[in-house]
Amino acid sequence: MAVATSEAVEVVDLATTSVRELNQRLHDLARTPGPRLWRILNPNGAHALACGLDADLEVEIEGHVGYYCAGMNKRATVRVHGNASTGIAENLMSGRVEVDGNVSQSAGATGRGGLLVVRGNASSRCGISMKGIDIVVGGDVGHMSAFMAQKGCLVVCGDAGDALGDSIYEARLYVRGKVAGLGADCIEKELREEHVAQLRGLLEAAGIDADPTEFRRYGSARQLYTFKIDNAGAY
Amino acid sequence: MCGIVGLFAKAPRIEERLGEHLAAMLVQMSSRGPDSAGVAVYRDPVPAGSSKLTLYSPDPHEHWGAVEDGLREAFGGCDVRELRASHAVLVVDAEADAAEAWVREQRPDLRVMSAGRVIEIYKEVGSPEEFVDSFRLRDLHGTHALGHTRMATESKVTTEGSHPFSTGLDLCLVHNGSLSNHNRLREYLRREGIEFQTENDTEVAAGYLAWRLREGATLEQALEGCLEDLDGFYTFAVGTADGFAVLRDPIACKPAVLAETDEWVAMASEWRSIAVLPGAAEARAWEPEPAVVYVWERAGVAV
């Protein structure tokens with residue numbers, strides 16, 4: 001448990017409480033003051049846990065979670081002490097989502113801000129269509145990660161699967177290990193000092209011990225149709 | 001959508017309560033497949049020279065004794081082993097091919113759901129919970145089993161269109177996804193002598209495996225062939241007399257999770273179905289890689 005304080009912790013056991021009831025109690029805190037620290041027991045792969053939060057909360061989930069956990073989160077910190085299924089932290093707005101284990105596909109998809117930390121591996125399509133979120137993965141990411149990524153950073157401390165950064169816009173991709181293959185219009189770029197500094201900050205924020213100079217940077221070659229000024233009138 | 005579950009027992013106490021665990025796993029997948037459900041259970045092998053048929057009758061008042069008498073007259077010995085809702089399991093003193101051929105010829109109103117020496121397949125329209133109750137699934141024991149909950153996309157909601165599909169003796173297939181080249185492939189396989197009972201896309205995948213195995217491929221080679229010859233989305237689980245296999249297509253947008261303890265190996269579309277198993281919290285859990293064949297087999301099973 002990262003919460004080391006005498007502040008009262010609200011404990012909710014999903015063996016006896018419904019997901020709907022839990023989420024409603026968490027949502028009410030966007031308007032009404034209440035407990036700040038939460039501990040969720042027996043998630044057992046349930047979907048949509050702690051979605052749509054909009055308050056300065058710390059939510060600890062003790063076990064594996066199902067689809068779309070902590071989706072659309074604002075301000076809150078959600079920690080999953082287990083694995084997460086499809087779409088963890090989807091459309092993250094701000095705040096922080098941390099997963100101790102592995103995550104399934106589309107982690108952090110379309111995220112607009114905040115930080116997603118995955119200590120294990122992420123499966124395919126990690127950071128697909130990311131729009132400002134920062135994602136730090138301690139292990140590997142699967143194929144088609146950062147597909148159409150628009151803004152934000154994807155940091156991969158292990159290896160990346162096939163078609164990394166396909167049709168990427170302005171997002172920055174940092175990979176320490178091997179890249180199985182780059183997607184269309186994604187190229188390797190020079191790792192300059194400003195990038196090392198950014199990477200160091202992200203790794204520190206994620207609490208992952210890695211040397212930022214060991215990473216390589218990838219981004220957009222800006223050669224696809226959408227980047228040609230002659231095509232601007234087509235939209 | 002659709003939900004898939006599979007359970008492979010490594011300990012006697014899991015075998016004894018296989019049906020109960022399978023039922024719990026299946027009900028968890030109700031939201032992924034509310035319109036039909038089915039299972040293949042591997043249990044009580046019959047001796048060499050005899051065979052086990054699972055038959056389905058659309059007539060709720062089917063007189064199974066008459067079928068038993070007919071098979072007994074033809075082959076010398078036959079017993080109705082199980083009666084579960086619309087299905088019956090018959091043990092016949094004949095090779096499975098011969099017994100199956102007799103049923104197709106003499107009783108074309110019945111459907112052969114499975115044939116072999118170990119497999120039993122039960123499937124029906126309705127919610128997984130109704131299915132579990134009406135087929136008394138919880139009292140089944142067995143070594144391993146696959147299950148499916150269906151949300152139909154490519155063909156009608158019927159008993160015959162439910163999964164698992166039998167793909168040959170003691171073989172079966174369950175599928176989450178949809179295939180787009182099933183019409184052309186079905187025509188090709190028909191020319192190769194593979195028979196189809198429905199317009200269902202999954203049955204074509206099942207027929208494809210049966211054809212590859214008939215042509216001498218191992219189960220692993222047949223599944224690797226799927227990667228070349230099937231166009232579409234799939235997570236497959238395939239049951240054999242002594243184990244099961246899992247394959248996801250290279251795009252891998254249909255979910256799957258695998259988990260293992262000292263007592264069992266399980267696969268499911270979602271963790272929810274595995275969370276109901278004893279010791280799940282301590283299980284080693286991982287997501288199967290795209291386009292990789294995973295196989296578990298029991299050692300020393302003489303079938």
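The values are calculated or read from the model by the stated rules, or taken from the named source; none is laboratory data. What you see is a predicted model, and the numbers here were worked out from it, not measured in a lab. Cβ coordinates were reconstructed from backbone atoms using ideal geometry, including for glycine residues, and neighbour counts include every protein chain displayed. All accessible areas refer to the heavy atoms of the entire protein, side chains included, with ligands and DNA or RNA removed. Shrake-Rupley method; radii C 1.70, N 1.55, O 1.52, S 1.80 Å.
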### Candidate lysines - alpha carbon under 22 Å from A:K131, same-chain residues fewer than 8 apart omitted
A:K74, A:K151, A:K189, A:K228
### Task
Give me the lysines in straight-line cross-link reach of B:K123: C-alpha distance below 24 Å, same-chain residues under 8 apart excluded.
B:K52, B:K156, B:K254
### Task
Give me the angle, in degrees from 0 to 90, between the Cα long axis of helix A:193-206 and the longest principal axis of the Cα atoms of chain A, rounded to the nearest 10.
20
### Message
So, taking all protein chains as they sit and a 1.4 Å probe, how much accessible area belongs to A:E214, in Å² rounded to tens?
### Response
100
### Pair B:R136, B:E73: separation of 7 Å Cα→Cβ label points (nm)
2.9
### Query
Shape call for the range A:1-89 from the C-alpha gyration tensor, a ≥ b ≥ c root eigenvalues: rounded (a/c under 1.5), prolate (a/b greater than b/c) or oblate?
rounded
### Message
Tell me the total accessible area that A and B bury against each other, 1.4 angstrom probe, in square angstrom rounded to 100.
### Response
1000
### Message
Given axes a ≥ b ≥ c from the Cα gyration tensor, I'd like to know whether the range A:116-193 is rounded (a/c under 1.5), prolate (a/b larger than b/c) or oblate.
### Response
rounded
### Query
Taking the range A:113-199, which GluC sites (Glu not before Pro) meet the DSSP loop condition and have no more than 16 other C-beta atoms within 10 Å?
A:E170, A:E190
### Query
Of A:G201, A:I229, A:N44, whose Cα points farthest to the positive end of the dipole of the range A:9-234 (charges on the beta-carbon: +1 Lys, Arg; -1 Asp, Glu; origin at the Cα centre)?
A:I229
### Summary
Expected vector for the range B:117-129, Karplus 3J(HN,Hα) from phi with 6.51, -1.76, 1.60 and θ = phi - 60°, integer Hz, x for Gly and Pro, equals 10, 10, 6, 9, 10, 10, 7, 6, 6, x, 6, x, 5
### Loop GluC sites (Glu not before Pro), the range B:160-232 (other Cβ atoms within 10 Å of the site Cβ: 11 or fewer; DSSP)
B:E195, B:E215
### Query
With axes computed from alpha carbons, what is the tilt in degrees of helix A:19-28 against the longest principal axis of chain A, rounded to the nearest 10 within 0 to 90?
90
### Message
Just to check I understand the Karplus step: with θ = phi - 60° and J = 6.51 cos²θ - 1.76 cosθ + 1.60, what whole-Hz values come out for the range B:167-181, glycine and proline as x?
### Response
10, x, 4, 6, 10, 8, 9, 10, 9, 10, x, 8, 10, 9, 10
#### Entry: the range B:129-221: trypsin sites (Lys or Arg not before Pro) in DSSP loop, at most 15 other beta carbons within 10 Å
B:R136, B:K156
### Query
Taking square-rooted eigenvalues a ≥ b ≥ c of the alpha carbon gyration tensor, is the range A:9-234 rounded, prolate or oblate, where a/c under 1.5 means rounded and, failing that, a/b exceeding b/c means prolate?
prolate
### Message
Pairs of alpha-carbon atoms within less than 8 angstrom and 6+ residues apart define the contacts here; what relative contact order does the range A:9-234 have, in percent?
### Response
10
### Message
Please report the accessible area of B:I251 (heavy atoms, 1.4 Å probe, ligands and nucleic acids excluded) in Å², nearest 10.
### Response
90
